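The structure under discussion appears below in the form of structure tokens.
The values are calculated or read from the model by the stated rules, or taken from the named source; none is laboratory data. For clarity, every value in this text was computed on a predicted model and none was experimentally measured. Glycine gets a Cβ as well: all are built from the backbone with ideal geometry, and neighbour counts include every protein chain shown. Just so you know, the surface numbers come from the protein's heavy atoms only, side chains and all, with ligands and any DNA or RNA stripped out. Shrake-Rupley method; radii C 1.70, N 1.55, O 1.52, S 1.80 Å.
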Amino acid sequence: MESLKIAATERSPEVDFDFKHGVLSLRGESYPEDASAVFGPIFEALERFLPTVGNREIRVDFDLTYFNSSSAKALMNMFQMLDNSAAGGARIVVSWFFAPDDDTMKEFGEDFSEDLEHVVFNLVAVESAA
Amino acid sequence: MLAKYFRSFKHDLDQRGIIFSFSGYMSEGILYSLGDALRQKMALEDTDVGTVKKVFSVFVEQAQNIIRYSAEKVSGDVGKSVELSSGMVTIGTENNRFFIVCANVVHASDEPKLRQRLEKLQKMDKEAIKAYYKEQLREAPEEQSRGATIGLIEIARRASEPIEFDFDRIDAESFFFCMKVSI
């Protein structure tokens with residue numbers, strides 16, 4: 001399946017989904033007024049990709065520094081899609097990056113991870129988070 | 001007279017500790033530019049990263065609420081379809097804290113629900129607000145609300161004190177609504 005690459009804008013994150021190698025990443029900030037315009041293409045691609053993964057290992061990196069509440073809802077949907085796929089046998093490893101002094105992003109990572117039963121979720125503090 | 005008048009106007013804003021105040025038609029572009037300037041101003045003053053993030057987050061949610069829910073809107077076609085919403089956002093400092101105030105006209109029919117949501121949040125402590133946020137994150141969006149509830153919870157979560165709000169009746173169909181958040 002063809003990669004999904006969308007450049008970051010002032011209010012939306014960089015999307016780099018390399019489906020061939022099973023490495024998906026979201027990087028930057030997300031606070032569009034209409035979250036569905038940003039996350040619609042992401043959901044669509046995942047809906048096509050996830051049923052094809054079987055028991056492959058898929059890496060999903062979240063390197064976000066800020067998102068608004070409607071993006072948080074979209075991220076929650078995304079995590080549910082990933083968890084469902086992991087329940088079906090895919091080995092999905094999520095890394096949630098945050099700057100060491102960023103309690104808000106750390107707390108969001110903890111909040112999201114609490115609902116995941118099948119995905120492997122790593123909270124990763126990094127100095128150079130985007 | 002002109003300079004005297006506007007100097008006095010500016011002085012009045014300065015005396016109230018106001019860093020920025022925007023009144024008028026709000027758009028996503030204005031939100032971005034004001035937000036960017038706000039972050040830069042706070043960074044220049046060595047505001048700690050956590051506070052900058054909280055103030056920015058409350059600013060974004062408030063500005064997006066104005067864009068979505070202001071009862072004062074103009075729309076039309078200027079080569080592309082445009083909708084602008086009128087409101088006010090003011091950011092300043094008082095007693096060593098940042099405050100963010102937003103104001104806009106709301107339809108009288110929207111007032112009871114908005115009041116009820118804000119009163120519910122005022123009564124909650126930090127843990128209850130966090131739990132409520134997580135609950136709403138999983139919920140499907142309420143009809144016509146386009147995510148209003150979670151936006152208000154996000155604001156309450158970042159606030160250092162309960163949200164203050166007020167409604168001033170304009171006429172049978174509308175209220176002037178304002179909300180103040182301290183961080």
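Worth a mention:
- Among residues of the stretch A:112-121 being open to solvent by less than 60 Å² (accessible area, probe 1.4 Å) and not in a helix (DSSP H, G or I), the one that is farthest from A:Gln80 (Cα to Cα) is A:Phe121.
- B:Lys4 meets each of the listed conditions (1) open to solvent by 80 Å² or more (accessible area, probe 1.4 Å); (2) within 13 Å of chain A (Cβ to nearest Cβ); (3) assigned to a helix (DSSP H, G or I) apart from (2).
- Qualifying position, being part of a loop (DSSP other than H, G, I, E, B), open to solvent by less than 50 Å² (accessible area, probe 1.4 Å) and small (Gly, Ala, Ser), among A:Gly89, A:Gly109: A:Gly89
- Members of the stretch A:92-106 that are part of a strand (DSSP E or B) and open to solvent by 20 Å² or more (accessible area, probe 1.4 Å): A:Val93, A:Phe97
- Residues satisfying the stated conditions in the stretch B:42-59, i.e. among the charged types (D, E, K, R) and within 12 Å of chain A (Cβ to nearest Cβ): B:Asp48, B:Lys53, B:Lys54
- Qualifying positions in the stretch A:101-124 - farther than 14 Å from A:Met76 by Cα and hydroxyl-bearing (Ser, Thr, Tyr): A:Thr104
- Residues of the stretch B:95-136 satisfying the condition of being aliphatic (A, V, I, L, M), farther than 25 Å from B:Gly50 by Cβ and in contact with a Gly (Cβ under 9 Å, 6 or more places away or on another chain): B:Ala103, B:Val105
- Any hit, the stretch A:7-14, residues being outside any loop (DSSP other than H, G, I, E, B) and of a type in the set (A, V, I, L, M, F, W, C): no
Residue-by-condition table, conditions (1) facing another protein chain (nearest Cβ under 10 Å); (2) within 18 Å of B:Ile153 (Cα to Cα); (3) among the aromatic types (Phe, Trp, Tyr):
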| site | (1), (2), (3) |
| --- | --- |
| A:Tyr66 | yes, yes, yes |
| A:Ala86 | no, no, no |
| A:Val94 | no, no, no |
| A:Phe97 | no, no, yes |
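- Which numbered condition B:Asp48 fails, given (1) surrounded by fewer than 18 Cβ atoms within 10 Å (Cβ to Cβ); (2) among the charged types (D, E, K, R); (3) closer than 25 Å to A:Lys106 by Cα; (4) under 14 Å from the mean Cα position of the chain (by Cα): (4)
- Count of residues meeting criterion [within 14 Å of another protein chain (Cβ to nearest Cβ) and modelled with pLDDT under 95] in the stretch A:9-38: 10
- Of the residues examined, A:Met81 is one that is within 14 Å of another protein chain (Cβ to nearest Cβ) and farther than 21 Å from B:Val60 by Cβ.
- Close pairs from the stretch B:16-41: first within 14 Å of another protein chain (Cβ to nearest Cβ), partner surrounded by fewer than 16 Cβ atoms within 10 Å (Cβ to Cβ) and among the small types (Gly, Ala, Ser), Cβ under 9 Å, at least 6 apart: B:Ile30/B:Gly24
Every residue, every condition in (1) modelled with pLDDT of 95 or more; (2) under 15 Å from the mean Cα position of the chain (by Cα), yes or no:
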{"residue": "A:Phe43", "(1), (2)": "yes, yes"}
{"residue": "A:Leu64", "(1), (2)": "yes, yes"}
{"residue": "A:Asn77", "(1), (2)": "no, yes"}
{"residue": "A:Ala99", "(1), (2)": "no, no"}
{"residue": "A:Gly109", "(1), (2)": "yes, yes"}
{"residue": "A:Leu116", "(1), (2)": "no, yes"}
{"residue": "A:Asn122", "(1), (2)": "yes, yes"}
{"residue": "A:Glu127", "(1), (2)": "no, no"}
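- Screening the candidates B:Ala37, B:Ala63, B:Ala43 for the property of being under 20 Å from the mean Cα position of the chain (by Cα) and either open to solvent by 20 Å² or more (accessible area, probe 1.4 Å) or over 28 Å from A:Ser12 (Cβ atoms) (or both) yields one hit, B:Ala37.
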